[in-house]
Each structure stands twice: as C-alpha cells, then as structure tokens.
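Asks: Attaching a single structure in structure tokens format; questions to follow.
The values are calculated or read from the model by the stated rules, or taken from the named source; none is laboratory data. Everything numeric in this text was worked out from a predicted model, so none of it was measured. Quick reminder, even Gly has a Cβ in these numbers, built from the backbone with ideal geometry, and neighbours come from all protein chains shown. Quick note on the areas: whole protein, heavy atoms, side chains included, nothing else; ligands and nucleic acids left out. Shrake-Rupley method; radii C 1.70, N 1.55, O 1.52, S 1.80 Å.
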Amino acid sequence: MRVCIHRGAKQIGGTCIEIEAGGQRIALDVGLPLDAADDTVSLLPAVPGFRDPDDSLLAAVISHPHQDHYGLARHLRPDLPIMIGEAADRILKAAACFIRSGVSFQNVIPLRDRQVVEIGPFRVQPLLVDHSAYDAYSLLVEADGKRLFYTGDFRVHGRKAALVERIIEQPPVGVDVLLMEGSSIGRLGEDGSFPSEDDLEHEFVDVMQATRGTVLVYASGQNIDRLVTMFRACRKTGRQLVIDLYTAEVLRATGNDRIPQGWWNGVRVFLPHRQRVWVKRHELYDLIPRYRTNRIYPEELASAASMTTVLFRPSMCEDLERAGCLAGGSVVYSMWEGYLQDERSEPFLDWLNRHSLPMVKVHTSGHASIRDLKRLADAVRPRHLVPVHSFGPDRYSDYFDNVDVRGDGEWWEV
C-alpha cells in the first residue's frame, strides 16, 4: 500500500489523500482549501481519474459533509463512485437545492457505521464519530496486508461523544499508519479543553433569559448539534425556535426523528425574501407544504419577539428590519470567531451597531483537544502516526510517539 497526501499535510482544510494498492486507487476526501477565493477546478489535485476516465481510480471517499473535505468534489467526473454516509449524502442533496456551489452525487456507495465496503483490493470500514458535521466518519482502510486508519475530523465534547469513546475503548488493532487530524495543535494548550454542547446550552439559556426581545443566533444550518442545543435552550426558556426553509430541509434530510424538525411543536419555519425568490426561480414549491402548519410570517415576528429565537444569517438583515422585531434583541455568534476578522463581515458588524444589538459569542470547536487526540493515539498504538489537517505537524512529536511527518505530493510506502 502506498499513500500520497495531495493537500493537508501542513494545513487545515482542502484535505485530499490518495491510496494505491495493486495498481488500483481510492481517494480520501476532496476538500476545498479554507483560504480559496473560489472553488475553481484548478484547485482539484492532479489525481488521475478525477476528471478523465481512469479505471484504476475506484472511488472517492468523503469522510463528512464539510466543504474543506468535499468542496471540490463537484468538479469530479459524474460517473466516479462516491463513498459517503447515507445521511450526509441526503444533506448535501438538500443543501444543493439552495446553494449555487452545492453538489449532488450520481453514483453513491453508502457508508454505514462499522459496515465494511470491499472495492477492488481495498476494505473500507467507516466508524461513526462525534463532529460538528452530521454523519461524520473515521475510516479504516486495509489492503496488501496493511492497515491505515484515517481519523477524519472528530471531537469528544459534542452530543455524540460516546461514538469516539467506543473507538478508544475498542480501537482497531494492528494499525500500520494513523493519519490523524490535529486542528487544535498550536491553538490550544496540552491540558486545554473545549466547552461541551451541554455547556453551550447553559450559556444559550442565560442569553435567552436576559434578552427581552428576539434572540438571533448566527450559526450554521448544517451544525446539527448546535441546532439541538438551541432547541433545548428554547424549551427551557419558553421560546420558539425559528428556522428557515433551507435549515428545515437539512434537518429533514438527516432522517433522524429524534432531531428537531420543521413540523415539531416549538419550531417555526420562516421564508426570508431571498429564499422566496429562490423557491420561485427554481420551482421548489413542493418543499413548502410540509411546513405549512408551522410556517411563521414577517408580521408575526414583532409580536412574538420576547418568546422567539431565530437561526440567523446576515442575508436576513433586511427581512428582520422590515419585520420590526429587533428592539430589545441580542445576537449570539455561534461560529468560528475568525470569520469575524474577514472584511466580508464588516457590513454585518455595522448592522449590529446601527441597531444597537449586543453580541455574545457562544461556540465550541468541532475538533478534538490535544488531550483527546492523545487518548485516541494511545489506544490505537500505530506503527507510524502521520499528521494531517493541521498547521502544526512539526509539533506532533511533542505529544505523540512514532510521528512520521510527510509533505504534500510525497508518495510513501506503508
């Protein structure tokens, strides 16, 4: 078995790893770099079979539905088999109805927790993990008598932490190479930790209780854990959770009836102006009837402000202004803080100031702390530990044994 990290050996995002055995190959993730100005085809790694037919490339495997792991997959040739979680595939299809850069795969091989997929000389076993993306997997790849374990992105402080604890308690054995993400290395101390979603729930409750008007939560509609946290906080404070049609469809795509849905009591569905235009332009009328009972209209937002929490994004600013529901409100920023430093956030920050809306930051990482990275590495005990998805590969040896730093574009033998 040979491996090449095309992108991700020394950076977070844009991950793409090629594995070859017996003259046949698979690719793990086809991510969009975080610093990319656009998802142009020129960013696609030069993997034979990505664009033009090549029978030796058997499939691309997508570990989870975050842009930095699948974002360039829309440029792959349409007939290339894509291995991805069933719910993750449905989420991307639902999102593609609303996003110009969305992707809908045509030739899908579904991944299910712990169920081995055999393709050519490869045995691929997905292991469901805790992450801020829904239906995220670590991947155990076997070929040529060798075993490679790719962590993908994971954490142990979300609502699905038990999934990773199970891997730590019952790790894959005989692992030759552990390709391990290290997003927190260089950004968190060795003994540092991240807040849990339960911790965030308490913070949301405090903000909701302290706000006399509408609470606007700036968060991703695909961060399912965070949506659950928001809903639980709303239940505790007597508020209704207002989501948009896009988010309602993402939640429906999970196929999980234990996760808040757009037809639940306590959940309302709002169509911002941009989405109404989008629905009309793309004739998505059939999406609306399933939420008819729970739909909320702009004129209802002001009178219900004290009992409403809105999942918010800056494209909704004018809608909320026209609805007159901002007096006495507050904003919870629940995303990576670095986005606020981007000049594209300046209009949003100016809008907050104009409306005298205080902002509080309530967020946690989608990635494991160094302490939890060490727990996983100690459990797996690989012959070689190779850094990936990290800006600090040279610091891995401070925390782990048998570290083998590789470079982008370098082929090496397992």
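Asks: Can you compute the FRET efficiency between Ala379 and Leu349 using 1/(1 + (r/R0)^6), with r the Cβ-Cβ distance and R0 = 45 Å? Round to the nearest 0.05.
Replies: On the way: r = 43 Å, r/R0 = 0.96.
Calculated transfer efficiency: 0.55.
Asks: Sticking with this structure for a sec: Using square roots of five times the C-alpha gyration tensor eigenvalues, list the equivalent-ellipsoid semi-axes of segment 187-286 in whole Å, biggest first. Don't skip to the answer; put the middle values down first.
Replies: Details: eigenvalues 152, 59, 37 Å².
Taking √(5λ) for each eigenvalue gives 28, 17, 14 Å, largest first.
Asks: Within the chain, which whole H helices from DSSP have a Cα span along their axis of at least 18 Å and a mean Kyte-Doolittle hydropathy of 1.6 or more, if any? Numbers along the way, then the final one.
Replies: On the way: long enough: 197-210 (20 Å, -0.64); 224-237 (20 Å, -0.06).
Helices meeting the criterion: none.
Asks: With both bridge residues required to lie in the chain, what share of the DSSP beta bridges run antiparallel, to the nearest 5%? Don't skip to the end; give the middle numbers.
Replies: Details: 29 of 68 bridges.
So the antiparallel bridges amount to about 45 percent of the total.
Asks: Right, next: Considering the options Gly407, Tyr297, Ser390, tell which one lies farthest towards the positive end of the dipole of segment 286-414, charges being +1 on Lys and Arg and -1 on Asp and Glu at the Cβ, about the Cα centre.
Replies: Tyr297
Asks: Only four residue types carry charge here, +1 at the Cβ of Lys and Arg and -1 at the Cβ of Asp and Glu. Report the dipole size of segment 351-414 about the Cα centre in Debye, rounded to the nearest 20.
Replies: Value, rounded to 20: 500 debye.
Asks: Let me ask another. What FRET efficiency do you get for Ser101 and Ala210 if R0 is 56 Å and r is their Cβ-Cβ distance, rounded to the nearest 0.05? Intermediate results must be reported in sequence, preceding the final value.
Replies: Numbers: r = 38 Å, r/R0 = 0.67.
The value I calculate is 0.90.
Asks: Would segment 62-101 count as rounded, prolate or oblate if I go by the C-alpha gyration tensor, calling it rounded below 1.5 in a/c and otherwise prolate when a/b exceeds b/c, oblate otherwise? Write out the running numbers ahead of the final one.
Replies: Working: a/c = 1.36, a/b = 1.11, b/c = 1.23.
Judged from the Cα gyration tensor, segment 62-101 comes out rounded (a/c under 1.5).
Asks: Can you compute the charge dipole magnitude of the chain about its Cα centre, using +1 on each Lys and Arg Cβ and -1 on each Asp and Glu Cβ, nothing else charged? Give it in debye, rounded to the nearest 20. Provide the component values of the computation, followed by the final result.
Replies: On the way: 48 positive and 57 negative charges, 276 e Å.
About 1320 debye.
Asks: Sticking with this structure for a sec: Tell me, what is the FRET efficiency for Asp176 and Thr40 to the nearest 0.05, using R0 = 41 angstrom and their Cβ-Cβ distance as r?
Replies: Details: r = 36 Å, r/R0 = 0.87.
Efficiency, from the Cβ-Cβ distance: 0.70.
Asks: Of His282, Val360, Ser183, whose Cα points farthest to the positive end of the dipole of the chain (charges on the beta-carbon: +1 Lys, Arg; -1 Asp, Glu; origin at the Cα centre)?
Replies: His282
Asks: Working out 0.36 nm times the residue gap between Arg166 and Leu340, then minus their Cα-Cα distance, what length gain in nm do you get to one decimal? It would help to have the intermediate numbers written out before the result.
Replies: On the way: separation 174, 0.36 × 174 = 62.64 nm, distance 3.59 nm.
Extra length available between Arg166 and Leu340 comes to 59.1 nm.
Asks: Calculate how many DSSP beta bridges within segment 41-187 are antiparallel, expressed in % of all such bridges and rounded to the nearest 5.
Replies: Working: 15 of 24 bridges.
In segment 41-187, DSSP labels about 60 percent of beta bridges as antiparallel.
Asks: Put a dot 7 Å past each Cα toward the Cβ at Glu283 and Trp411; how far apart are the dots in nm?
Replies: 4.9 nm
Asks: Could you let me know the centre-to-centre spacing of segment 218-250 and segment 360-398, using Cα atoms, in angstrom?
Replies: Cα centres, segment 218-250 to segment 360-398: 29 Å.
Asks: Within 10 Å, count the other beta carbons around each residue, average over each peptide in 232-243, 6-17, and list them highest first. Present the calculation step by step, with values, prior to reporting the outcome.
Replies: Values: 232-243: 20.6, 6-17: 23.5.
Listed from highest to lowest mean packing, they are 6-17, 232-243.
Asks: Sticking with this one: Less than 21 Å apart at the alpha-carbon level, and either on another chain or at least 8 residues along: which lysines does that give for Lys280?
Replies: Straight-distance partners of Lys280: Lys93.
Asks: List the trypsin sites (Lys or Arg not before Pro) within segment 241-308 that DSSP assigns to loop and that have no more than 15 neighbouring Cβ atoms inside 10 Å.
Replies: Values: sites: Arg252, Arg258, Arg268, Arg274, Arg276, Lys280, Arg281, Arg290, Arg292, Arg295; in loops: Arg258, Arg292.
For trypsin sites (Lys or Arg not before Pro) across segment 241-308 that sit outside H, G, I, E and B with at most 15 neighbouring Cβ atoms in 10 Å, the list reads Arg258, Arg292.
Asks: Gaussian network model of the chain, Cα springs within a sub-10 Å range: biggest mean-square fluctuation belongs to which of Tyr285, Tyr297, Tyr218?
Replies: Of Tyr285, Tyr297, Tyr218, the most mobile in the Gaussian network model is Tyr285.
Asks: On to the next question. Between Ala302 and Ser56, 0.36 nm times their residue separation minus their Cα-Cα distance comes to what?
Replies: Values: separation 246, 0.36 × 246 = 88.56 nm, distance 5.95 nm.
Gain on stretching Ala302 to Ser56: 82.6 nm.
Asks: Please identify, among Asp225, Asp319, Asp153, the residue showing maximal mean-square fluctuation in a Gaussian network model of the chain using a 10 angstrom Cα cutoff.
Replies: Asp319
Asks: Continuing with this model, one more query. So how strong a dipole does segment 307-414 carry about its Cα centre when Lys and Arg Cβ are +1 and Asp and Glu Cβ are -1, to the nearest 20 debye? Show your work: numbers first, answer last.
Replies: Details: 12 positive and 17 negative charges, 95 e Å.
Approximately 460 debye in magnitude.
Asks: Under 1.5 on a/c is rounded, so check that first for segment 22-70, then, if it is not, pick prolate when a/b is larger than b/c and oblate when it is not; a ≥ b ≥ c are the square roots of the alpha carbon gyration tensor eigenvalues. Please report the intermediate quantities before stating the final value.
Replies: Values: a/c = 3.12, a/b = 1.62, b/c = 1.93.
Oblate, because a/c is 1.5 or more while a/b does not exceed b/c.
Asks: Please build a GNM for the chain, connecting alpha carbons under 10 Å apart, and tell me which residue among Phe204, Phe348, Phe194 fluctuates the most.
Replies: Of Phe204, Phe348, Phe194, the Gaussian network model singles out Phe348 as fluctuating most.
Asks: Determine the relative contact order of segment 198-319: mean sequence separation of Cα pairs under 8 Å and six or more apart, normalised by residue count, in whole percent. Can you show the working numbers first?
Replies: On the way: 157 pairs, mean separation 44.6, N = 122.
Contact order relative to length: 37 percent.
Asks: While we're on this one: Starting from the Cα gyration tensor of segment 252-371, take the square roots of the eigenvalues, sort them a ≥ b ≥ c, and report rounded, prolate or oblate (rounded when a/c is under 1.5, otherwise prolate if a/b is larger than b/c, else oblate).
Replies: Verdict is oblate for segment 252-371.
Asks: How far apart, in nanometres, would the label points at Lys361 and Arg292 be if each is projected 7 angstrom from Cα along the Cα-to-Cβ direction?
Replies: If labels sit at Lys361 and Arg292, their model points lie 4.5 nm apart.
Asks: Tell me, what is the 1.4 Å probe accessible area of Glu181, in Å² to the nearest 10?
Replies: Here the residue's solvent-accessible area equals roughly 0 Å².
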